[in-house]
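Please treat every number below as a calculation from the coordinates, not as lab data. Model, not experiment: these values are computed from the prediction. Here the Cβ positions follow ideal geometry from the backbone for every residue, glycine too, while neighbour counts run over all protein chains shown.
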Amino acid sequence: MNIENENPENENLNPEINNSGNQAINEPVKEEKSEIITDSDHQDVVEENFSHLSLKQTLDEMEHIVNKDDAAHFSKKFTELKEHAHHKISDETEDKKHDYLEQGNPEEHFEFHHPQSSKLSALVNIFKEKQDKFHKQQEAEHHQNLEERLAIIERLKNLYTSSEPGVNLFKAIREIKEAWGNAGQVAKSEFKNLNNNYFHHLKMFNEMLDLNKEYLEQEFAHNLEKRQHIIQRAKELLDEKVVQKALNELQYLHKLWKEEAEPVAEEFREKTWEEFKEISNKIHERKSELIAVIESEQQENFEKKSKIIEELKALTAPQSANHSFWQQAIKQVEDLRSEFLKIGPVPKKFSNQNWTDFKQTLRNFNSAKNDFYKSLKGSQIDNLQAKQSLIKTAQDNMSSEDWETVVPLFKKLQEDWKKIGHVPRNQANRVWDDFRDACNTFFKNYRDKNNAVGDNWKENYKNKRILLDELKALTDAEGSVEKIEQIKNSWNAIGKVPKDKLSINTEFNKTLREKLKLNRINEFDLKEENLSESQLTDKARKIKNQVAELESEIVQLENNLAFFTAPTRDNPLLKDTYDKLDSKKEQLESLKLSLHHIIAGE
């Protein structure tokens, strides 16, 4: 036999029994005093917790219910989900309003339409339509069931008023009782009269039997067996670990007791009923045990949630805070928020205040975080201006080919960029893209240019190698001094060589000094007043060596300048080089003049 518990307002049409649990034949029908757990009892003990659901999950669950064929049977769950969704939307709207007011905006200008409000309204309307349709359908079913039960009563009435000879009364009455038990629900307003009417005719039938011992003994024995099975099952429920399951099945056993276990013989009526009632009371005592467990769990949940709120408060008012702290705190708060929502319900007397404290603490955290970043806004604007200045310098020089000056410049720009702090978030990507593009443009040009001039440097090396070989072949023959000067000038006119070939410059300078010494030291008749010929020769030789060294250093400096594209004295990187070159040329002229005086005998 099916039991429908989804809608507690529509009770099953159950026959009533007296205190002994038996239907009296010659006694008026009395209402039984047994306790039956209704659906509302079940819902008060165990309530579904939706606090962990997000708004989207809540709406999805509501949509799942709406799509069910028996959606109206989930009315209570749908209503709780609807209230949770309204609560979520209200909280999010309040958060938006709070942020709006935090920015200094007037409250009367606040407008916000939650994007999920329309879906919520649509689901509520669809469910209402299904519920209305269900109630209309239920009314029709109740009316049909009423007609069916009236027909059963009519059959019962005919059984004792005009039964035909030879009819098996035992079989007939059992069929009528079974039909009555299987008949569907009727409207609550019809229940009492219909039930009293049925039992009145059942009583009249029993009286008509005029103490038909055979029938009564069969009836009593059959019902007593039913009662014993019910009592045995109730005893087993005492050991059921899941209290709620035991309570639900006990409700079903009471239904069977009313509908299928009556009447019984007088000597068993009170005895069996008292035994069943005592077992029922023991099972009901476990209901308080279940409630105690739930209350303990809810108290534990309250302590956990209170601890989370205290942790949130600690993050809201730190002793010292910087950007790193707030970024870590944001992640911690999100973890704590998720943990809070996953925890089950708390005692009702604490529920509202606990939730209010949680939401207010989150708002306080967001306000403290926002205040911190507002204080950084001024420094971020200064950082933005500093980075924009670097961008302008990079853009102004990104097409330059003055590599010796601009390559170090761009490296310094990149180092300076790293030292500058954060800029406003809405500007960060743009300024970085501008700076990166300028740097990439310059270094691409630099790489392309280096690749292009590489071949020219190889050709320069070949030309210098020819001059060096030519210099090495010179002797102290007549005209060799002029030839050396010509080779030196030709050498200086040639540009850079590859880095791995720079040693040719050192080799040239060394060879040049040797050839100058070979060709110049014996050209003059060295004489000087008050100096012996050996002394005069030693002094001339020292000056001659100094001249050769200076000329070599001047050649090296001029070679260094040749590495620059269009080198000028205005270039700050080349100022020291030009100053050294001028100084060495002055020293060289002075030494040449002294050597000339010695050679000329002045």
In sequence order, what are the phi-derived ³J(HN,Hα) couplings for the stretch 91-97 according to the Karplus relation 6.51 cos²θ - 1.76 cosθ + 1.60 with θ = phi - 60°, rounded to whole Hz, with x for glycine and proline? 4, 5, 5, 5, 4, 4, 5
Positive-end residue, the stretch 359-491 charge dipole about Cα centroid, Cβ charges, pick of Ala394, Val406, Leu384: Leu384
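Say the cut-off is 24 Å between C-alpha atoms; which of Lys128/Lys287; Lys96/Lys128; Lys411/Lys499 go over it? Present the calculation step by step, with values, prior to reporting the outcome.
On the way: Lys128/Lys287 34 Å; Lys96/Lys128 30 Å; Lys411/Lys499 21 Å.
Correct reply: Lys128/Lys287; Lys96/Lys128.
Please state the shape class of the stretch 322-418: rounded when a/c is under 1.5, otherwise prolate if a/b exceeds b/c and oblate if not, all from the C-alpha gyration tensor.
Numbers: a/c = 6.38, a/b = 3.76, b/c = 1.70.
Note, shape of the stretch 322-418 comes out prolate.
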Largest-first ellipsoid semi-axes for the stretch 360-470, taking √(5λ) over the Cα gyration tensor eigenvalues, angstrom: 49, 11, 11
Under the 7 Å Cα-to-Cβ spin-label approximation, Asn352 and Asn489 lie apart by a distance in nanometres of 10.7 nm
Please provide three numbers in whole Å: the alpha-carbon extents of the stretch 255-384 along the principal axes, with the largest listed first. 100, 25, 20
Estimated FRET transfer efficiency when R0 is 41 angstrom, pair Leu561-Ala386 (beta carbons, to 0.05): 0.70
Just the number, please: Stokes-Einstein D of the stretch 415-498 in µm²/s, Kirkwood Rh from C-alpha pairs, 25 °C, 0.890 mPa s. 141 µm²/s
Whole Å is fine, so just give me how far the alpha carbon centre of the stretch 458-515 lies from that of the stretch 103-139. 95 Å
Under a plain spin-label model, where a point goes 7 Å from the Cα along Cα-to-Cβ, how far apart in nm are Leu502 and Tyr100? 6.9 nm
Can you pull the one-decimal nm distance between simple spin-label points at Glu404 and Trp457, each 7 Å off the Cα toward Cβ? 1.4 nm
With θ set to phi - 60° and the Karplus curve 6.51 cos²θ - 1.76 cosθ + 1.60, what are the ³J(HN,Hα) couplings of the stretch 464-470 in order, to the nearest whole Hz, using x for Gly and Pro? 5, 4, 5, 5, 5, 4, 5
Quick one: if the Förster radius is 25 Å, what FRET efficiency do Glu240 and Asn49 give, using the C-beta to C-beta distance and rounding to 0.05? 0.60
Everything considered on the Cα gyration tensor (a ≥ b ≥ c; rounded for a/c under 1.5, else prolate if a/b is larger than b/c, else oblate), the stretch 194-265 must be described as oblate
Suppose the chain between His596 and Ser480 were pulled fully straight at 0.36 nm per residue; how much longer would it get relative to their current alpha carbon spacing? 39.9 nm
